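Chemist: The structure's right below; bear with me while I get my questions together.
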Amino acid sequence: MADIKIVVIDDQRLFREGLVNLLRNCPGLHLLGWAENGRDFLNLLPGLPSLPDVLLVDMNMPEMNGMELTQIVLQKYPGIKVIILTVYDQERFINKMVQAGAAGYLLKNCDIEEVVTAIQTVHKSGFYFNEAVMNAMRNGLVNKTPQLRNMSNIAIDLTDRELEVLRLICKELTNAEIAEQLYISARTVDGHRNNLLAKTGSRNTAGLVLYAVSHDLIDVNLM
């Protein structure tokens, strides 16, 4: 399996250089480069030997912050996964960044093992939220209205199979793994995933997880 290609984007030099040095020594990861802010990264991107798989992005940066960069990157390069690095653990920040398209959310005081786990998990299943983040999302975002609604507050209905697929997505299963468990084809799973994205108004897999948590469709303690 090819190494996961990553770029670190953070304006705090000491933190950035420390993280870069740690990631250089991690098997299975290939550091393509680093940048001080979103604008610097966009200028750096054309000169990279290949597109990165995962970006580690500080939320607060001058010139172009993490949210602005995430939105631009996902519009132009939807295959790139973005993990946000921040000192904020409030649910309003988490909600805002996931809705912007972030695939993961890490506090800057986490250890390097969790950073590596987040990179590997995001690359495999499309999202990474640790237990603290999941609980913050649930505590701050649960929709008490019984009727399911999408991001535009329009009422929707999800089929039993779509709910089944959604819950398995939230368990970090890939399309192939879901297909094997449900005895259907991976192509059928992909169809259900696309229907879920369209119905809920989510931008990506992380958005589906946020939707499931905010509508109390999954037990975060069982994830």
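Chemist: Counting just the residues of segment 44-64 that are in contact with a strand residue (DSSP E or B) (Cβ under 8 Å, 6 or more places away or on another chain) and surrounded by fewer than 17 Cβ atoms within 10 Å (Cβ to Cβ), which one comes out modelled with the lowest pLDDT? Spell out the reasoning first.
Modeler: Taking segment 44-64 first, the residues in contact with a strand residue (DSSP E or B) (Cβ under 8 Å, 6 or more places away or on another chain) are 44, 48-61.
Filter again for surrounded by fewer than 17 Cβ atoms within 10 Å (Cβ to Cβ), leaving 44, 48-51, 60.
Values: Leu44: 94, Leu48: 93, Pro49: 93, Ser50: 94, Leu51: 95, Asn60: 88.
By that ranking, first place goes to Asn60.
Chemist: Could you please let me know if Val213 is under 20 Å from the mean Cα position of the chain (by Cα) and more than 22 Å from Ile80 (Cα to Cα)? Spell out the reasoning first.
Modeler: Numbers: under 20 Å from the mean Cα position of the chain (by Cα): yes; more than 22 Å from Ile80 (Cα to Cα): yes.
Answer is yes for this residue.
Chemist: Shifting gears a bit: For segment 1-117, give me every one of the helices (runs of 4 or more DSSP H) that falls completely inside it and has 2 or more residues that are under 17 Å from the mean Cα position of the chain (by Cα). Give the derivation first.
Modeler: Details: elements: 13-24, 38-44, 66-76, 91-100.
Ranges flagged: 66-76, 91-100.
Chemist: Looking only at segment 171-198, which residues are within 22 Å of Gln71 (Cβ to Cβ) and either exposed (fewer than 15 other Cβ atoms within 10 Å of the Cβ) or among the charged types (D, E, K, R) (or both)?
Modeler: Going residue by residue through segment 171-198, those that are within 22 Å of Gln71 (Cβ to Cβ) are 193-194, 196-198.
Passing the criteria: Arg193, Asn194, Ala198.
Chemist: So, one more: Checking the condition buried (at least 24 other Cβ atoms within 10 Å of the Cβ) and basic (Lys, Arg), which residue from Lys76, Lys81, Lys96 passes?
Modeler: Matching residue, one of Lys76, Lys81, Lys96: Lys81.
Chemist: How many of the residues in segment 20-38 are free of Cβ contacts under 8 Å to residues at least 40 places away in the same chain and surrounded by fewer than 17 Cβ atoms within 10 Å (Cβ to Cβ)?
Modeler: Start the filter on segment 20-38 by keeping residues that are free of Cβ contacts under 8 Å to residues at least 40 places away in the same chain, which leaves 20-21, 24-25, 27, 30-38.
Going one step further and asking which of them are surrounded by fewer than 17 Cβ atoms within 10 Å (Cβ to Cβ), we end up with 21, 24-25, 27, 30.
Of the residues in segment 20-38, 5 are free of Cβ contacts under 8 Å to residues at least 40 places away in the same chain and surrounded by fewer than 17 Cβ atoms within 10 Å (Cβ to Cβ).
Chemist: Hey, can you tell me all the residues within segment 118-142 that are in a loop (DSSP other than H, G, I, E, B), modelled with pLDDT of 90 or more and of a type outside the set (A, V, I, L, M, F, W, C)? Working first, answer last.
Modeler: Initially, segment 118-142 is screened for residues in a loop (DSSP other than H, G, I, E, B), giving 126-127, 129-130, 142.
Adding the requirement that they be modelled with pLDDT of 90 or more leaves 126-127.
Across segment 118-142, the qualifying residue is only Gly126.
Chemist: In this structure, is Glu17 exposed (fewer than 14 other Cβ atoms within 10 Å of the Cβ) and among the acidic types (Asp, Glu)?
Modeler: Details: exposed (fewer than 14 other Cβ atoms within 10 Å of the Cβ): yes; among the acidic types (Asp, Glu): yes.
Answer is yes for this residue.
The values are calculated or read from the model by the stated rules, or taken from the named source; none is laboratory data. Nothing here was measured: the structure is a model prediction, and the numbers come from that model. Glycine also receives a Cβ, built like all others from the backbone with ideal geometry; neighbour counts cover every protein chain displayed.
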